[in-house]
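The values are calculated or read from the model by the stated rules, or taken from the named source; none is laboratory data. Model, not experiment: these values are computed from the prediction. Neighbour counts run over all protein chains shown; Cβ positions are idealised from the backbone, glycine included. The area values use the complete protein model at the heavy-atom level, side chains included, leaving out ligands, DNA and RNA. Shrake-Rupley method; radii C 1.70, N 1.55, O 1.52, S 1.80 Å.
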Amino acid sequence: MSEDGLTGLHDRRAFLLALRRQIGMANEKQSSVALAVVDIDGFANINGMHGFDVGDRVLKFLALRLGEVARPQDYLARIGDNRFALTLPRIMNQGHAELAVQKLFRLLDLPFEHGPTRVKLVVTVGVALCPLHASHAEFLLRLAERALATARSEGRHVGFPPDAAKEDAL
């Protein structure tokens, strides 16, 4: 396993291999996989105000909270500086992915604390589903990241791409 040295999670390369594998199995079994991309809002400010040591601890804290969301069959990775990804295979619909995101938000209601430092961690999540939105790993990841960026720009904390069927109807 390729591992992120700070959090102990899988790294981006291992994640992409696992995502391709999960999408292949989902296509064979005609099931769904959700991909949630999680990004910390204002992470540069956390590093700037509290220092890189606290920033590193915040990343570890979020990795632990995501681990509490993940089921045994899910795959969790750190795919960027303050960006994480969670795959949710064998989900029934978009609502199941939304439940996982809401669980993460509830876990983050309690602030990160280290000594006198308290940080209320706010994240934005972009979610895309295979096969609803895409059936290719890199495209699914791109859609989830685009949904994250759109949600953030609109002041929301979670976003999904438009459904392919809705797009075709336009």
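Things to note:
- Net charge, Met92 excluded, C-beta distance under 14 Å - Lys, Arg +1, Asp, Glu -1: +2
- Mean residue ellipticity (222 nm) of the chain, computed from DSSP H runs ≥ 4 via -39,500 (n - 2.57), nearest 500: -15000 deg cm²/dmol
- Loop-located trypsin sites (Lys or Arg not before Pro) in the stretch 51-105 whose Cβ has at most 16 other Cβ within 10 Å (DSSP): none
- Radius of gyration and Dmax over the Cα atoms of the stretch 1-68, both given in Å: 15.4, 49
- Unit charges at the beta carbon, dipole of the stretch 28-170: most positive-side option, Thr117, Phe52, Val37: Thr117
- Annotation: Cα Rg of the chain relative to the compact-globule expectation 2.2 N^0.38 Å equals 1.03.
- If you run the Gaussian network model on the chain, springs between alpha carbon atoms under 10 Å, then out of Leu19, Leu62, Leu132 the most flexible one is Leu132.
- Helix screen, the chain: no DSSP H segment has Cα axial length of 27 Å or more and mean Kyte-Doolittle hydropathy at least 0.5.
- Under a 5 Å amide H cut-off, with hydrogens placed 1.01 Å from N, Ile79 pairs with Phe84, Ala85 among residues at least 5 apart or on other chains.
- Taking all Cα pairs closer than 8 Å and separated by 6 or more residues, the relative contact order of the stretch 88-170 comes to 23 percent.
- Ser31 accessible area, 1.4 Å probe, all protein chains in place, Å² to nearest 10: 40 Å²
- Only the Cβ atoms of Lys and Arg (+1) and of Asp and Glu (-1) were treated as charged; on that basis the dipole of the chain about its Cα centre amounts to roughly 220 debye.
- Every Cα-Cα pair of the stretch 88-163 was included, and the share exceeding 17 Å stands at 51 percent.
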